[in-house]
Ligand code: TYD
Ligand code: MG
């Protein structure tokens with residue numbers, strides 16, 4: 001009998017090893033290696049009728065038409081996909097459990113004009129029907145299929161010939177061509193490879209739902225991200241209703257796009273003007289609140305930052321952040337302590353980005369410093385003021401990219417003043433704006449003027 005070949009895969013990142021190892025050299029996790037049987041079959045054999053292709057002469061082939069796109073009928077989803085669903089593309093939608101992946105794709109399936117097939121290995125047809133009823137009217141062109149066997153899924157998809165195929169989730173599928181257990185790296189890879197082939201051969205867009213592991217990467221790993229055309233990440237705080245759909249990889253568009261949704265009782269609602277809903281109306285005279293103009297992808301967003309500074313009652317002062325990098329906050333606090341001479345080291349500092357949004361844009365630095373300073377001095381900042389600038393270690397205000405988009409958004413939303421870096425004025429002509437633009441090169445000068 002032929003010897004069965006096995007290899008070990010890290011279940012966290014998908015790294016492969018010939019022997020068992022305790023600590024993964026790639027992702028540094030412990031005890032993640034699991035033995036999996038390697039099969040002789042691979043994605044070269046498929047469960048659907050497969051046409052062999054031949055090499056073609058580049059000169060003689062007709063010009064490639066620009067990729068065919070159809071609208072997903074969800075504008076925010078179209079935006080992150082780069083302008084609609086590309087035929088024959090394989091899209092992976094990742095996110096934590098309960099964030100709304102199934103709801104989003106079911107909603108898309110229900111609003112399509114063409115035939116859609118929603119394959120679920122997680123929920124029964126009745127459960128999905130119940131969810132669909134919550135979302136709205138059920139059209140006659142949406143098919144459900146509760147199945148986990150890949151060969152069955154491919155066979156049925158081939159005979160139904162839908163315009164969009166949705167698989168919820170890739171981790172519940174198994175191919176009987178290989179022996180590894182459900183959800184293992186080899187199974188996930190094999191199933192994805194087959195679905196990729198299916199998508200390209202039949203020119204049908206395929207959406208895969210993927211779970212994420214504890215680090216937020218799509219479980220069963222980076223390898224999966226390499227295989228698919230587009231990777232979307234659905235994120236947000238489970239306790240808040242906002243959800244953000246981000247593009248991580250896109251062969252057919254930009255990767256810096258962002259879609260915003262709100263989860264309510266009848267499914268996900270698109271948020272077309274995020275700045276307006278993210279800024280909550282506030283009591284006049286409340287200190288510790290400031291607004292920053294950030295940029296998420298191509299999309300300007302005005303976000304509310306809330307800071308609270310209060311004397312530390314005992315022991316080490318606390319620092320806590322929601323939606324912002326903890327290390328960056330401690331850096332900003334140190335800069336303010338040193339350059340503005342305020343004693344923050346004896347104070348507890350809490351920072352919150354309203355709306356459950358996570359920001360990485362350093363242009364928010366200025367707004368954060370302003371909200372902390374405002375809370376420290378208990379001096380409120382007018383709600384018609386907005387900030388956009390990066391703060392450097394010397395307490396200098398550094399220029400930020402695409403300042404005109406930020407100013408434009410602030411002007412659109414009716415702000416009266418925006419504070420930016422002096423250096424932004426040097427490189428850009430900003431005379432066309434009606435909003436009053438105040439520019440500074442040092443944090444201390446800005447605060448002197450503001451408070
Ligand atoms: P779900 O799509 O099942 O998440 P995932 O597939 O990512 O695991 O959505 C889960 C949550 O959304 C669930 O906690 C219930 C909530 N939800 C609503 O609030 N309103 C709705 O209309 C629907 C369908 C779900
Ligand atoms: Mg689900």
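The values are calculated or read from the model by the stated rules, or taken from the named source; none is laboratory data. What you see is a predicted model, and the numbers here were worked out from it, not measured in a lab. In this analysis, Cβ positions are derived from the backbone assuming ideal geometry, glycine residues included, and neighbour counts consider all displayed protein chains.
Quick rundown of the values:
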item: Test for residue 280: is it touching a strand residue (DSSP E or B) at 6+ places or on another chain (Cβ under 8 Å), at pLDDT 80 or above, closer than 29 Å to residue 402 by Cα and not in a strand (DSSP E or B); result: no
item: Yes/no for residue 246 being assigned to a loop (DSSP other than H, G, I, E, B) and either within 26 Å of residue 111 (Cβ to Cβ) or within 16 Å of ligand 1 (Cβ to nearest atom) (or both); result: no
item: The lone exception for residue 412 - which of (1) under 26 Å from residue 256 (Cβ atoms); (2) touching a strand residue (DSSP E or B) at 6+ places or on another chain (Cβ under 7 Å) it fails; result: (2)
item: Which numbered condition residue 91 fails, given (1) under 17 Å from residue 203 (Cα atoms); (2) not assigned by TED's automatic domain parsing to the domain that holds residue 173; result: (2)
item: In the stretch 54-87, the residues that are surrounded by 18 or more Cβ atoms within 10 Å (Cβ to Cβ) and not in a helix (DSSP H, G or I); result: 69, 72, 74, 82, 84, 85, 86
item: Single condition residue 170 does not satisfy, out of (1) more than 22 Å from residue 69 (Cα to Cα); (2) away from ligand 1 (no atom under 15 Å from the Cβ); (3) surrounded by 22 or more Cβ atoms within 10 Å (Cβ to Cβ); result: (2)
item: Hits in the stretch 51-74 - residues which are within 20 Å of residue 105 (Cα to Cα) and either modelled with pLDDT under 80 or touching a helix residue (DSSP H, G or I) at 6+ places or on another chain (Cβ under 7 Å) (or both); result: 71, 72, 73, 74
item: Matching residues, the stretch 123-136, being touching a strand residue (DSSP E or B) at 6+ places or on another chain (Cβ under 6 Å) and within 12 Å of ligand 1 (Cβ to nearest atom); result: 128, 135
item: Whichever residue in the stretch 96-110 is under 19 Å from residue 240 (Cα atoms) and more than 13 Å from the chain's Cα centre (by Cα) and, among such residues, is farthest from ligand 1 (Cβ to nearest atom); result: 104
item: Cross-chain or 6+ apart pairs with Cβ under 8 Å, the stretch 163-180 first and in contact (Cβ under 8 Å) with a residue 24 or more places away in the chain and within 24 Å of residue 95 (Cβ to Cβ), then in a helix (DSSP H, G or I) and within 11 Å of ligand 2 (Cβ to nearest atom); result: 166/105; 166/106; 168/101; 168/102; 168/105; 169/101
item: Residue that is under 23 Å from residue 160 (Cβ atoms), within 14 Å of ligand 1 (Cβ to nearest atom) and in contact (Cβ under 8 Å) with a residue 40 or more places away in the chain, where the choices are 86, 93; result: 93
item: Qualifying residue in the stretch 262-269 (condition: part of a strand (DSSP E or B), crowded, with 18+ Cβ neighbours inside 10 Å and at positive phi); result: yes
item: So residue 239, is it within 16 Å of ligand 1 (Cβ to nearest atom), in contact with a helix residue (DSSP H, G or I) (Cβ under 6 Å, 6 or more places away or on another chain) and at pLDDT below 85; result: no
item: Qualifying residue in the stretch 213-224 (condition: surrounded by 23 or more Cβ atoms within 10 Å (Cβ to Cβ), modelled with pLDDT under 80, outside the structural domain of residue 384 (by TED's automatic domain parsing) and assigned to a strand (DSSP E or B)); result: yes
item: Residue count for the stretch 293-323, restricted to those that are more than 18 Å from residue 245 (Cα to Cα) and in a loop (DSSP other than H, G, I, E, B); result: 7
